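What follows is a set of notes on a single structure, which appears directly below.
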Amino acid sequence: MSKTQYFQFQPFNVGRLLVWGGFALLLIVAPLIFKSSLALTVLSQIGYMIIICLSYNLLLGQGGMLSFGHAVYTGLGAFFTIHALNMVGGGKLPIPVSLLPIVGGLAGAGIAALLGWVTTKKSANTFAMITLGVGELVFAMSLMFAGFFGGEGGISGNRVVGQPVLGITYGPAIQMYYLIAVYCFICTALMFMLTRTPFGRMLNAVRDNPERVEFVGYNTQVVRYVAFIIAGFFAGIGGGLTALNFEIVTAEAVHATRSGGYLLFTFLGGAAFFFGPIIGAVLAVFAFVLLSEVTKAWLLYLGIVFLVMVMFAPGGVSSIIMMNLRVAKFGKWRRLALSYVGLFLTTLLWLAGGAAIVEMVYHLQLEAGMGDTIKFMGRVLNVRDANTWIVAAALFLVGGVLFELVRRRFKAKWDGIQEEIEKEIHRRGAA
């Protein structure tokens, strides 16, 4: 006997209101709790990185388009914004500073409209290669047209221009943070709403089964092209906010390494869920701002983390969270708690040994003239002492072996729990 499913529009969704209300409250109170200048810098960067990673995920997660050139639209949005800021300062453009990120957004959308039709003509690998080529083309142009891109020194500006509105000059970092927070909230809400529209669903369909979409009469290239322009708009807004925050834009803003960073952290956060890129944006800022201050080998650690995530959790951090919530919903998470403790402790042991080896190698290669000792996790290591290397290697090997043993037991438990959950779902469906 077939069952008919009915979908109802819910104008008042309490759960969703709580989530969005909590998000707004977090943006408001965060700088009141973390008041240092470093904290404000980190929070501001998280704000526009959220916009950029979410805009990238419109392509990757929603549309299945792997782009290697997203920095073109963030970077050019930043350049147009900084030029507009200088025109405002020169009295040639009567626009308030608070609206200048929209100039970056329109520039990003315009460039995406110009390049997007050719870029989205093909999907999959061809699309990825075209975006890589476009990114290299624009970076090469940034070295040729110094008048627009500013050469090696870039273009600088001063965001404290015009008459203050309600005492707001955007000189203090806290005022700049709240401007970024407002744009972050609005852009996040707009992109979430887009995923719930018929166009958002059609974009998902183009990602999952383009042949069927073509069969029912839709042009998949048009869908990809429109999504590409929308992603370019939000990327441009994110780029415009970076220009206002740092008051300088260099050619590095359009370089392929920036595009790789957006891809890397969107993937780490998780492209399958809307909130995944938000987690990725937070991880990105912590890696670029904090981890890079702690160790010179931060890019190596980042690469290892990316490799481990690809191998063991390709859905990213958001996928891990949602899978564990599913287990907890069926009341089976307690059976995994001890295994998680074991994974955490063995991972810590493994990482301590591996990181000690990496830090000592970096010290010997880059800082050998600064002495034979380094500080690592509260201890002093002598890089010329064989015993230090033996202990580090032993920690690395023992930790790795223990981690693998615990991981296998965890996997067996996890697979068993998933089977039980599937049986429970079928039982409830049949009841």
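The values are calculated or read from the model by the stated rules, or taken from the named source; none is laboratory data. Please read all numbers here as calculations on a predicted model, not as lab measurements. Glycine also receives a Cβ, built like all others from the backbone with ideal geometry; neighbour counts cover every protein chain displayed. SASA here: full protein model, heavy atoms, side chains in, ligands and nucleic acids out. Shrake-Rupley method; radii C 1.70, N 1.55, O 1.52, S 1.80 Å.
Scanning region 84-116 for residues that are assigned to a helix (DSSP H, G or I) and open to solvent by 60 Å² or more (accessible area, probe 1.4 Å) returns N86, M87, L99, I102, L106, L114.
A328 meets the conditions (1) part of a helix (DSSP H, G or I); (2) open to solvent by 30 Å² or more (accessible area, probe 1.4 Å); (3) of a type in the set (G, A, S); (4) in contact (Cβ under 8 Å) with a residue 24 or more places away in the chain in every case but one. The failed one is (4).
Yes or no: region 184-197 includes at least one residue that is part of a helix (DSSP H, G or I), free of Cβ contacts under 8 Å to residues at least 24 places away in the same chain and over 20 Å from the mean Cα position of the chain (by Cα). No, that holds for no residue. When region 117-144 is limited to residues that are modelled with pLDDT under 90 and of a type in the set (G, A, S), the one that is surrounded by the most Cβ atoms within 10 Å (Cβ to Cβ) turns out to be S142.
Taking L66, is it assigned to a helix (DSSP H, G or I), closer than 17 Å to A235 by Cβ and of a type in the set (A, V, I, L, M)? Criteria not met by L66. In region 349-369, which residue that is out of contact with any helix residue (DSSP H, G or I) (no Cβ under 8 Å at 6 or more places or on another chain) and among the aliphatic types (A, V, I, L, M) is most open to solvent (accessible area, probe 1.4 Å)? Here the residue is L366.
Of the candidates A284, A243, the single residue that is assigned to a helix (DSSP H, G or I), touching a strand residue (DSSP E or B) at 6+ places or on another chain (Cβ under 8 Å) and open to solvent by less than 10 Å² (accessible area, probe 1.4 Å) is A243. Would you check which residues across region 174-223 are among the aliphatic types (A, V, I, L, M) and at pLDDT below 90 and list them? Matches in region 174-223: V213, V216. For first residues located in region 152-180 and among the basic types (K, R), partners that are part of a helix (DSSP H, G or I) and lie 6+ apart or on another chain with Cβ distances below 7 Å form the pairs R159/L85; R159/V97; R159/L244. Identify all residues within region 297-323 that are loosely packed, with under 14 Cβ neighbours inside 10 Å and not aliphatic (A, V, I, L, M); write none if there are none. G303, F312, P314 - these are the residues of region 297-323 that are loosely packed, with under 14 Cβ neighbours inside 10 Å and not aliphatic (A, V, I, L, M).
From the list L395, L338, the lone residue that is within 21 Å of N324 (Cβ to Cβ) and open to solvent by 40 Å² or more (accessible area, probe 1.4 Å) is L338.
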